[in-house]
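Following: one structure in structure tokens, then a few remarks.
The values are calculated or read from the model by the stated rules, or taken from the named source; none is laboratory data. None of these values were measured; they are calculated from a predicted model. Note that each Cβ is placed from the backbone with ideal geometry, even for glycine, and that neighbours are counted across all protein chains shown. Keep in mind that these areas ignore ligands, DNA and RNA; they rest on the heavy atoms of the full protein, side chains included. Shrake-Rupley method; radii C 1.70, N 1.55, O 1.52, S 1.80 Å.
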Amino acid sequence: MKPNIIAFIGLLTLGLTSCNDFLDQEPLSSLSPESFYTDEGQVQAASNKLYQDIMPNHDTWNYGHYSYDNGTDNQTNKYPGSRFATDLWLVSNSNGNWNWANVRNVNYQLNQVLSKYNAGAISGTDANIRQAIGEMYFFRAYAYFELLKNFGDLPILTQALPDDESLLVAANVRQPRNEVARFIISNLDTAITYLNPSNSDRTRVTPDAVKLFKSRVALYEGTWETNFKNTPFVPNGPGWPGKSKNANYQYPTGSVEAEAKYFLQIAAKSAEEIAEKYKGSLRVNNGVLPQHPGQSNPYMEIWGNNDGSKVREILMWRQYSKANGGNFVEIATEQDNKNTSFTRGLIDCFLMKDGKPTYNSEYEYCDTGVVSVRTNRDPRLTVFLKAPGDTNCFKNLTNTIATDYRPVEVVPMIWNDTQGGQCTGYNLRKGTMFDRSQCIRNESENILVIFRATEALLNYIEAEYMLTGSLSGKVLEYWQDVRRAAGFTGSAINPQTTIDATDMSKETLDWGAYTAGQLLTDKTLYNIRRERRCEFMAEGLRDMDLKRWRSFDQLIEHPYHIEGFHLYNTPIEHWYDEIELVNDGSNSAFVSSPELSEYIRPHEVTKQNNSFYNGLTWRMAHYLQYVPLRQFLLTAPDHTTMADSPLYQNPYWPMEAGEPALQ
């Protein structure tokens, strides 16, 4: 296949030299595809390139995909992000996320392959050719979902357009977000008709992975339209900026409420198909934190392995190898998570082992030490939260090539430094293999789990509850399945135990406890959200969930203080007796002051030029990103008057460069 891949890359290089910015569309008239896409190997090479470009990846030199929850109430690094200040996120002529390269590339490949396939001009095994076509439909859906989460309303493109300005301008017409979500789901349905149902290689797209992703997309849109109705963030909502270009738009179902129901029903149905197939295969957390050879935990090994084919509940995974490119994950899990740390809010959210919150349990909760924090807790936290003295590595200790390992966990670095030191004191070990041989920079072979079946159960639980308001259908059954797999036993398996013990007034550290700036009164809905938070910790889904729940509004009036472990007036403070923890708020300060809180506040160390010293805040505009101003000029007929562009700006974002959101 190697010559085909080289030829394919060369073809892209020839045809994708930019001449304008219209939807990042490139001139395609110079391509000569007649001799390409004519055999199975060439088609698969095209699809293989899209896997690399579009699907999630473990970034190098850090904790990989496990750092993707940074910038939420779960995880943080030294910089929480400009969206949590009122004056840092400014409109610009450019915005790297308004990037249509992936959509453009998929459209071109798909158009070429479909044309030749329908003409019978591709040689090879039909099932393999159809598999590649199905993958391309999936990739287009995946790329569109990334854009939907960032921008809402979008142009819907199915063709790789020629370098014709009039066509490119016309293509910039944004469609209402629900129509975009419908388009994504349609692509996923089409993908399933092409994919090989007998394909057992889960490093490639399978029908089950597509169905799970379909439930994710539908749940996202259904809950977004539920929580943002009567706002400019949904079609026909008051002040919806798309009204000027879609004056007569009507929902296919008749109303925003009916449209939300439509998506939630799809989410529940698609999730149920996967849940029924895999619910008996979920790996169970046995509560064992492996500390020496002979010990293992099947639940931890969902992520902590280098061969995802061994775990049936993994529906799609990405493989790494030292020979063809590794990652940094094992080093990050054995050392300090590489500038990713976990918040007090996340740690406190986990239940006690009896299934009750920390404030209403038969077990006493003590947060004056890291070991005590995980004692008698949710078994997921027990095995994933690191504490000084834990054994981090006990496999292949004689490997002398791997030098970036840490056999025993040390006292966490809590001060800010130029090396990306730990910020909150809470380190997690999700993804670890306890293997020294994997601790070679950019050669770790730790897999990336892209989709796993447990999400289907949780997607169903939320969608069905949103539809019925009760634990009807299979909600209770699936919820108990998730609890059993998490390692709970006895009455703790029953979510009603948790619901009855919940006091919403004591859940204010959790952003997911809010919608539209109001603390939830529905304890069942909150605990559904809590279960997702705990099950998906460090898996990159938190920001997506918080946005669709509309869980940032309360920060507008009540800035939030990200905190770490209980540093002051506890035994933890004495861990640092030999170090002068300067905490006076000056530029020389290492840590936050005890006058602010006994808990360490990583973003409130220095006062000068610190937009986050008084906490994290929010603006409504920040639920979506701004459309770059350059696009308005490029698509305006005279290229000078932005108001004449077929595009429109997102809610509350100004049309002037260098300005922050209006509200």
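Restricting attention to segment 62-109, the residues that are open to solvent by less than 50 Å² (accessible area, probe 1.4 Å) and assigned to a loop (DSSP other than H, G, I, E, B) add up to 17.
Does at least one position in segment 493-501 carry a residue that is open to solvent by less than 30 Å² (accessible area, probe 1.4 Å), under 30 Å from Y320 (Cα atoms), touching a residue at least 24 places away in the same chain (Cβ under 8 Å) and touching a Lys or Arg at 6+ places or on another chain (Cβ under 6 Å)? No, the conditions are met nowhere in segment 493-501.
Looking at R542, R548, just one residue is open to solvent by less than 60 Å² (accessible area, probe 1.4 Å), closer than 24 Å to F384 by Cα and charged (D, E, K, R), and that residue is R542.
Select from segment 560-581 the residues that are in a loop (DSSP other than H, G, I, E, B) and surrounded by 15 or more Cβ atoms within 10 Å (Cβ to Cβ) and list them in ascending order. Once the filter is applied, which keeps residues that are in a loop (DSSP other than H, G, I, E, B) and surrounded by 15 or more Cβ atoms within 10 Å (Cβ to Cβ), segment 560-581 yields H561, I562, E563, G564, F565, L567, Y568, T570, L581. Screening P298 against (1) open to solvent by less than 40 Å² (accessible area, probe 1.4 Å); (2) without any contact (Cβ under 8 Å) to a residue 40 or more places away in the chain leaves a single unmet condition, (1).
Pairing residues of segment 254-266 that are assigned to a helix (DSSP H, G or I) and at pLDDT 95 or above with residues that are surrounded by fewer than 22 Cβ atoms within 10 Å (Cβ to Cβ) and among the aromatic types (F, W, Y), at Cβ distances under 6 Å and at least 6 apart in sequence or on separate chains, gives E259/Y251.
Summed over segment 245-276, the residues that are closer than 20 Å to L525 by Cβ and surrounded by fewer than 17 Cβ atoms within 10 Å (Cβ to Cβ) give a count of 2.
Out of segment 510-539, which residues are assigned to a loop (DSSP other than H, G, I, E, B), of a type outside the set (D, E, K, R), surrounded by 18 or more Cβ atoms within 10 Å (Cβ to Cβ) and touching a residue at least 24 places away in the same chain (Cβ under 8 Å)? Result: F536, M537, A538. Within segment 304-318, does at least one residue satisfy the condition of being in a helix (DSSP H, G or I), farther than 22 Å from D510 by Cα, among the small types (G, A, S) and open to solvent by 10 Å² or more (accessible area, probe 1.4 Å)? Yes - at least one qualifying residue is present in segment 304-318. State whether the residues of segment 320-327 include one that is without any contact (Cβ under 8 Å) to a residue 40 or more places away in the chain, over 18 Å from R429 (Cβ atoms), surrounded by fewer than 22 Cβ atoms within 10 Å (Cβ to Cβ) and not β-branched (V, I, T). Among the residues of segment 320-327, at least one is without any contact (Cβ under 8 Å) to a residue 40 or more places away in the chain, over 18 Å from R429 (Cβ atoms), surrounded by fewer than 22 Cβ atoms within 10 Å (Cβ to Cβ) and not β-branched (V, I, T), which makes the answer yes. Pairing residues of segment 197-216 that are part of a loop (DSSP other than H, G, I, E, B) with residues that are among the basic types (K, R), at Cβ distances under 7 Å and at least 6 apart in sequence or on separate chains, gives T203/R318. In segment 631-652, the residues that are touching a residue at least 12 places away in the same chain (Cβ under 8 Å) and under 13 Å from A171 (Cα atoms) form Cβ pairs under 6 Å with partners that are among the acidic types (D, E) and surrounded by 16 or more Cβ atoms within 10 Å (Cβ to Cβ), at six or more places apart or across chains, as follows: L634/D21.
Residues are listed down the side, and each one gets a yes or a no for (1) open to solvent by less than 10 Å² (accessible area, probe 1.4 Å); (2) over 21 Å from W653 (Cα atoms); (3) over 23 Å from the mean Cα position of the chain (by Cα); (4) modelled with pLDDT of 95 or more:
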{"residue": "F138", "(1), (2), (3), (4)": "yes, yes, no, yes"}
{"residue": "F145", "(1), (2), (3), (4)": "yes, yes, no, yes"}
{"residue": "L148", "(1), (2), (3), (4)": "yes, no, no, yes"}
{"residue": "E179", "(1), (2), (3), (4)": "no, yes, no, yes"}
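Being under 24 Å from P412 (Cβ atoms), open to solvent by 20 Å² or more (accessible area, probe 1.4 Å), hydroxyl-bearing (S, T, Y) and in a loop (DSSP other than H, G, I, E, B) is the requirement here; does S592 meet it? It is false that S592 is under 24 Å from P412 (Cβ atoms), open to solvent by 20 Å² or more (accessible area, probe 1.4 Å), hydroxyl-bearing (S, T, Y) and in a loop (DSSP other than H, G, I, E, B). Looking at segment 606-616, is at least one residue open to solvent by 70 Å² or more (accessible area, probe 1.4 Å), modelled with pLDDT under 95 and among the hydroxyl-bearing types (S, T, Y)? No, segment 606-616 contains no residue that is open to solvent by 70 Å² or more (accessible area, probe 1.4 Å), modelled with pLDDT under 95 and among the hydroxyl-bearing types (S, T, Y).
Each residue in segment 54-69 was checked for being of a type in the set (S, T, N, Q), within 12 Å of G326 (Cβ to Cβ) and out of contact with any strand residue (DSSP E or B) (no Cβ under 8 Å at 6 or more places or on another chain), and 0 pass.
Please verify whether segment 232-244 includes one or more residues that are open to solvent by less than 70 Å² (accessible area, probe 1.4 Å), touching a residue at least 12 places away in the same chain (Cβ under 8 Å), in a strand (DSSP E or B) and not hydroxyl-bearing (S, T, Y). Scanning segment 232-244 turns up no residue that is open to solvent by less than 70 Å² (accessible area, probe 1.4 Å), touching a residue at least 12 places away in the same chain (Cβ under 8 Å), in a strand (DSSP E or B) and not hydroxyl-bearing (S, T, Y).
Check segment 228-243 and report whether any residue there is hydrophobic (A, V, I, L, M, F, W, C), under 24 Å from the mean Cα position of the chain (by Cα) and closer than 20 Å to D208 by Cβ. No, that holds for no residue. Out of F488, F451, I need the residue that is more than 22 Å from the chain's Cα centre (by Cα), within 30 Å of E334 (Cα to Cα) and in contact (Cβ under 8 Å) with a residue 12 or more places away in the chain. Which one? Just a single option satisfies the conditions, and that option is F488. Residues that are within 27 Å of the chain's Cα centre (by Cα) and closer than 30 Å to S341 by Cα do occur in segment 651-662. Would you be able to say whether some residue in segment 214-227 is open to solvent by 10 Å² or more (accessible area, probe 1.4 Å) and under 28 Å from Q319 (Cα atoms)? Checked against the condition, which is being open to solvent by 10 Å² or more (accessible area, probe 1.4 Å) and under 28 Å from Q319 (Cα atoms), segment 214-227 yields at least one hit.
Would you check which residues across segment 277-295 are out of contact with any Pro (no Cβ under 7 Å at 6 or more places or on another chain) and open to solvent by less than 70 Å² (accessible area, probe 1.4 Å) and list them? Passing the criteria: Y278, K279, S281, L282, V288, L289, P290, Q291, Q295.
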